[in-house]
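The structure appears right after this line, and notes come after that.
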Amino acid sequence: MTLISSLSFWAAVLAVPIRSISVPSSNIRWIDCTKNVPQSSQYFNTSAINLSNLPSTLHCGQIDVPMDYSKPFCETNMITVALGMYRPTKPKGALFHNPGGTDAGVILAWEIALNYTNAFNELLDFDILVMDVRGTYSSNLLNVSLDVVAGVLGPYPTNQTAYDTIKAASATAVKSWVELSSPPGIIEHVGTREVVQDYEMIRRALGYEKISFLGASYGSFRAAQYAATYPERVDNFVLDAVVPHGRSMFDQVQDTMAATNRLMLRADAYCQNNSSCPFHNQGKGSVPKAFKQVVQIADATPFFFPPCVNTTICYPYSNGFNVRTVLYGNTAIPDFPAILDGIYAALHGDGSFFIDGPAGLEDVLAMPVLCNDYTFQKSLQAGLEVLKLADVKSDQTGIGLSQIYQIQLFCSAWPFQTPKSEPLNLDQKMLLVTADFENQAATEWSTFTWSQARNSTLVVRHGDDHVSFPLVDQPSTKITMDFLNSGTLPAAVESELVSVYTPGMTRKPISDPYQVPTGAIAGDVDSGNVTVEIPF
């Protein structure tokens with residue numbers, strides 16, 4: 001994780017345009033893109049953009065929406081949401097895209113228009129709409145000081161005193177965000193129930209009867225909820241790397257443990273298929289075994305990193321929890337050679353691959369969203385009961401439990417009422433896409449959601465990576481693009497790289513990680529030699 005310093009954070013706050021309050025309107029205000037350039041990122045270098053010659057397809061806008069949709073829309077119950085669009089001359093329809101979580105949205109419109117990404121090349125006949133979801137970036141950014149979360153994140157406590165300490169830290173963080181964010185009360189209105197209504201406001205303002213939607217990761221959660229709330233507005237919806245509605249915390253723990261186990265076996269299979277892997281000659285199972293040893297070493301004597309002693313960018317020590325956290329972060333789009341070399345180096349005294357650091361702005365902004373969307377256990381006893389019921393012995397890496405319970409700890413002092421998490425009734429024809437070996441959104445979540453979408457088709461890619469459509473050379477991505485363009489669901493398929501299950505079929509068992517391809521053919525990252533990567 002990267003640290004967003006206080007200076008950079010306040011610079012981001014002050015960069016949000018300030019305007020005088022006017023009478024609320026549901027119309028989009030189209031604004032000058034040259035004066036509303038998104039912040040620079042790793043891939044988006046604003047200094048390289050010729051602002052005097054922006055593409056005519058790039059459009060920037062703002063729309064006023066109710067802060068609290070349960071109350072009248074007025075000047076005192078209003079926030080402004082920012083949006084970006086790629087707009088061809090004669091669009092064949094509207095495609096809304098949510099990249100997930102609290103990922104920057106508006107920046108994607110720039111990347112598409114400036115040809116910084118090829119992931120949308122098959123969709124350029126659409127009006128493509130992206131927005132910064134409320135409470136993030138240019139859409140009424142919350143004041144979530146990063147300093148106050150330090151005492152919340154960490155291993156799950158095993159006694160009441162330790163739990164009370166973390167819960168108090170959570171209460172302090174939430175209190176500061178409530179008091180410092182504006183307008184007053186915004187903190188409890190940044191959940192999905194509000195976000196989908198923002199999308200509906202934008203749809204109406206654009207004048208489209210129906211919209212298509214490409215929801216990635218947490219964007220799939222929002223897309224599914226929009227479909228359930230406004231079924232008459234649904235055209236072609238794709239849920240990629242599905243986050244489920246109505247899945248219990250117990251089941252999510254089980255699923256995440258299984259997913260991290262599979263990802264580790266996937267790394268082991270990659271090692272067996274590549275002689276350059278440092279564990280190649282040690283045989284099947286050597287990678288999970290080596291990672292366990294690294295965790296044990298770090299727990300006994302944490303790795304020490306002198307360059308991190310006098311900085312706030314990274315922690316000077318990494319124990320077993322930090323090692324698991326870093327590995328989890330590196331397996332969203334896994335670079336197996338780098339991961340395998342990092343494990344090998346740690347076994348031989350160099351743990352630098354596992355340098356950890358404070359949570360960044362994007363990580364912290366996600367917490368109020370999740371706390372608003374889910375009801376979590378708010379007592380040590382309830383949390384430990386789930387841990388007790390979970391098959392902890394099957395958690396081969398320890399990553400599953402260590403990561404999913406971070407959210408539960410953070411929300412332990414959430415003071416606001418949250419909606420009950422229930423399965424959805426999704427009658428529309430939709431396409432659900434998942435990957436056997438991704439561990440950020442367990443493939444079980446897609447299967448579970450598919451059971452709620454009786455007229456939809458499930459696409460299973462036999463590979464890894466969190467979110468499939470950026471891998472433009474994969475068969476699953478061709479299926480996604482064909483559906484978005486035509487509205488025709490694919491026929492059943494069973495092949496080396498992808499399986500397609502049509503309505504009424506039963507999904508086969510998850511692939512054996514040692515029996516499916518690894519490497520470039522399956523879309524794997526190979527130490528920077530990426531088959532296709534999208535600069536989100």
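The values are calculated or read from the model by the stated rules, or taken from the named source; none is laboratory data. All values derive from a computational prediction rather than experimental measurement. So basically every Cβ, Gly included, is an ideal-geometry build from the backbone, and we count neighbours across all protein chains shown. Just so you know, the surface numbers come from the protein's heavy atoms only, side chains and all, with ligands and any DNA or RNA stripped out. Shrake-Rupley method; radii C 1.70, N 1.55, O 1.52, S 1.80 Å.
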message = I'm trying to understand the selection: among the residues of region 140-163, which are touching a helix residue (DSSP H, G or I) at 6+ places or on another chain (Cβ under 8 Å), assigned to a helix (DSSP H, G or I) and open to solvent by 60 Å² or more (accessible area, probe 1.4 Å)?
response = D147, Q160
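Restricting attention to region 437-467, and to residues there that are open to solvent by 10 Å² or more (accessible area, probe 1.4 Å) and assigned to a loop (DSSP other than H, G, I, E, B), which single residue is nearest to E422 (Cα to Cα)? Explain how you work it out, then say what you get.
Pass one, region 437-467, residues open to solvent by 10 Å² or more (accessible area, probe 1.4 Å): 440, 444-445, 447-448, 450-452, 454-455, 462, 466-467.
The next check asks that each one be assigned to a loop (DSSP other than H, G, I, E, B); those that pass are 440, 451-452, 454-455, 462, 466-467.
Details: Q440: 21, S451: 13, Q452: 11, R454: 16, N455: 19, H462: 29, H466: 24, V467: 24 Å.
This residue is Q452.
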Boolean, A267 is closer than 28 Å to L471 by Cβ and at pLDDT below 95 = no
ask   = Only one of these conditions is not met by S318: (1) touching a strand residue (DSSP E or B) at 6+ places or on another chain (Cβ under 6 Å); (2) over 15 Å from L347 (Cβ atoms). Which number is it?
value = (2)
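Every residue, every condition in (1) touching a Pro at 6+ places or on another chain (Cβ under 8 Å); (2) on the phi < 0 side of the Ramachandran plot; (3) of a type outside the set (D, E), yes or no:
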{"residue": "G154", "(1), (2), (3)": "no, no, yes"}
{"residue": "T158", "(1), (2), (3)": "no, yes, yes"}
{"residue": "A162", "(1), (2), (3)": "no, yes, yes"}
{"residue": "I166", "(1), (2), (3)": "yes, yes, yes"}
{"residue": "S170", "(1), (2), (3)": "no, yes, yes"}
{"residue": "K175", "(1), (2), (3)": "no, yes, yes"}
{"residue": "H189", "(1), (2), (3)": "no, yes, yes"}
{"residue": "M201", "(1), (2), (3)": "no, yes, yes"}
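Regarding region 352-375, can at least one residue be identified that is modelled with pLDDT of 75 or more, closer than 19 Å to A267 by Cα and in a helix (DSSP H, G or I)? So that I can check it myself, show each step before the final result.
So in region 352-375, the residues modelled with pLDDT of 75 or more come out as 352-375.
Adding the requirement that they be closer than 19 Å to A267 by Cα leaves 353-354.
Pick out the ones that are also in a helix (DSSP H, G or I) and you get 353-354.
For region 352-375, residues modelled with pLDDT of 75 or more, closer than 19 Å to A267 by Cα and in a helix (DSSP H, G or I): present.
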Count - residues of region 164-190 that are open to solvent by 40 Å² or more (accessible area, probe 1.4 Å), polar (S, T, N, Q) and within 27 Å of P38 (Cα to Cα) = 1
ask   = Taking region 210-227 on its own, how many of its residues are over 14 Å from L95 (Cβ atoms) and either of a type outside the set (S, T, N, Q) or surrounded by 24 or more Cβ atoms within 10 Å (Cβ to Cβ) (or both)?
value = 6
Residue under evaluation M67, criteria (1) over 29 Å from I112 (Cα atoms); (2) aliphatic (A, V, I, L, M); (3) open to solvent by 30 Å² or more (accessible area, probe 1.4 Å), criterion not met = (3)
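Which residues, counting only those in region 198-229, are assigned to a loop (DSSP other than H, G, I, E, B) and in contact (Cβ under 8 Å) with a residue 24 or more places away in the chain? Write out each step before concluding.
Taking region 198-229 and keeping what is assigned to a loop (DSSP other than H, G, I, E, B), we get 207-210, 217.
Once the filter is applied, which keeps residues that are assigned to a loop (DSSP other than H, G, I, E, B) and in contact (Cβ under 8 Å) with a residue 24 or more places away in the chain, region 198-229 yields Y208, E209, K210, S217.
If you check L129, L114, which single one turns out to be out of contact with any Ser or Thr (no Cβ under 9 Å at 6 or more places or on another chain) and buried (at least 22 other Cβ atoms within 10 Å of the Cβ)? Break it down stepwise before answering.
Numbers: L114 fails: buried (at least 22 other Cβ atoms within 10 Å of the Cβ).
Every option except L129 fails the conditions.
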note = A careful count of residues in region 230-257 that are of a type in the set (G, A, S) and either open to solvent by less than 30 Å² (accessible area, probe 1.4 Å) or assigned to a strand (DSSP E or B) (or both) gives 2
request  = Would you please list the contacts, defined by Cβ atoms under 7 Å and residues six or more apart or on different chains, that run from a residue in region 342-358 that is in contact (Cβ under 8 Å) with a residue 40 or more places away in the chain and over 21 Å from D526 (Cα atoms) to a residue that is open to solvent by 10 Å² or more (accessible area, probe 1.4 Å) and β-branched (V, I, T)?
outcome  = D356/T325; D356/V326; G357/T2; G357/I313; P358/T312
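Is it the case that F336 is open to solvent by less than 40 Å² (accessible area, probe 1.4 Å), on the phi < 0 side of the Ramachandran plot and modelled with pLDDT of 95 or more? Break it down into steps so the answer makes sense when it comes.
Details: open to solvent by less than 40 Å² (accessible area, probe 1.4 Å): yes; on the phi < 0 side of the Ramachandran plot: yes; modelled with pLDDT of 95 or more: yes.
Taking the combined requirement at face value, the residue satisfies it.
Return yes when P419 is modelled with pLDDT of 75 or more and open to solvent by 50 Å² or more (accessible area, probe 1.4 Å) and no when it is not. Spell out the reasoning first.
Numbers: modelled with pLDDT of 75 or more: yes; open to solvent by 50 Å² or more (accessible area, probe 1.4 Å): no.
Considered against the rule, which asks whether it is modelled with pLDDT of 75 or more and open to solvent by 50 Å² or more (accessible area, probe 1.4 Å), P419 comes out as no.
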